[in-house]
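The values are calculated or read from the model by the stated rules, or taken from the named source; none is laboratory data. Bear in mind that the values here come from a model prediction, so they are computed numbers and not experimental data. Neighbour counts are summed over all protein chains in view; Cβ atoms, including those assigned to glycine, are modelled from backbone coordinates with ideal geometry. The area values use the complete protein model at the heavy-atom level, side chains included, leaving out ligands, DNA and RNA. Shrake-Rupley method; radii C 1.70, N 1.55, O 1.52, S 1.80 Å.
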Amino acid sequence: MASTQKTLLITGVSSGFGRALALEALAAGHKVVGTVRSEEAKREFEALSSNHSAFARVLDVTDFDAIEPAVAEIERTIGPVDVLVNNAGYGHEGVMEESPLSEMRKQFDVNVFGAVAMMKAVLPFMRERRRGHILNITSMGGFITMPGITYYCGSKFALEGISEALGKEVASFGIAVTAVAPGSFRTDWAGRSMRRTPRSIADYDAVFDPIRQAREEKSGKQLGDPRKAAQAMLTAIASDHPPAHLLLGSDALGLVRGKLTAMESELREWETVTVSTDG
Ligand code: NAP
């Protein structure tokens, strides 16, 4: 049970992490305002709470002009937002050379610009109150990479960097920013939500086709349980000293540790060249 009731604003509560976090937060006694993309999803979400603690707002996070008024209306009619969770996002899959720039723009509009627009809308309120917590759902793909998800990794690296830097800008106002980087979880991410660019260059068959096939086969059978991820996020939300980065899942931990080790060894291998530019 939460020691203090908080109001969470979570983007994308129709499925996956957003839905799981909303349900766990409601069960813990918090109030949840969730964004969805249809009137039907709004009705369905609000019906989840028997004591009127679940509120929904129809908002596409790429409708940038609508974000500020939507947050102001939530603050006015529902109450102060204690925690913003930028969860709405999707994965683009496709070899970079094959994938049009328009897909990259869409990927960054949702995963990066949408999240930033939400943060810019809540920050004036949180700053005035001198308290608040922002969670940005990034990904282990914000640390480690693999072929075929260049635009996705780019967007998640961007959100990791933005989160960390923003955390330093707002810490003295009592506002914490946590980038939450999940490994592979059983959500709709690799299923209905993924945008897959069709194949066109045979040279990439060997490097990419097995990855696409494995991802399709694994969808729905991933290691991570979104409900447990939600509980982990509630632990971070309840903390007096939330982390700047929080990995979720043993797969994420192993892969990110491996990346850091490989990076450290490359830094050492090239250290002489690196320091040769001083002076
Ligand atoms: P999901 O089940 O597909 O949920 C994605 C949610 O985002 C849905 O509610 C979706 O709404 C919403 N959304 C997508 N585009 C939107 C937009 N333009 N405006 C508003 N809402 C939008 O997948 P998920 O795994 O829970 O994804 C949540 C976050 O976790 C994403 O940022 C994803 O990149 C990240 N993540 C997932 C995994 C994983 O393995 N599952 C791992 C690392 C990171 P609709 O129902 O209307 O489409």
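Quick look at the values:
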read-out: Separation of alpha-carbon centers, region 161-213 and region 29-51, rounded to whole Å; value: 25 Å
read-out: Pair S172, S239: separation of 7 Å Cα→Cβ label points (nm); value: 2.4 nm
read-out: Distance (nanometres) between label positions extended 7 Å along Cα→Cβ at A202 and W270; value: 3.5 nm
read-out: Cα gyration tensor of the chain - equivalent ellipsoid semi-axes, whole Å, descending; value: 32, 24, 18
read-out: For I10, residues with placed amide H under 5 Å, excluding near neighbours; value: V33, G34, T35, V85
read-out: Excluding exposed DSSP-loop trypsin sites (Lys or Arg not before Pro) (at most 12 other C-beta within 10 Å), longest clean stretch of the chain; value: 1-129
read-out: Region 7-275, accessible surface, carbon-and-sulfur percent (1.4 angstrom probe); value: 56 percent
read-out: Separation between Cα centres of region 121-140 and region 84-100, rounded to whole Å; value: 23 Å
read-out: Region 55-127 - accessible surface per residue (Å², probe 1.4 Å); value: 42 Å²
read-out: T178 long-range amide H proximity, modeled H, under 5 Å; value: I134, L135, N136
read-out: From the C-alpha gyration tensor of region 78-223, square roots of 5λ in Å; value: 33, 15, 12
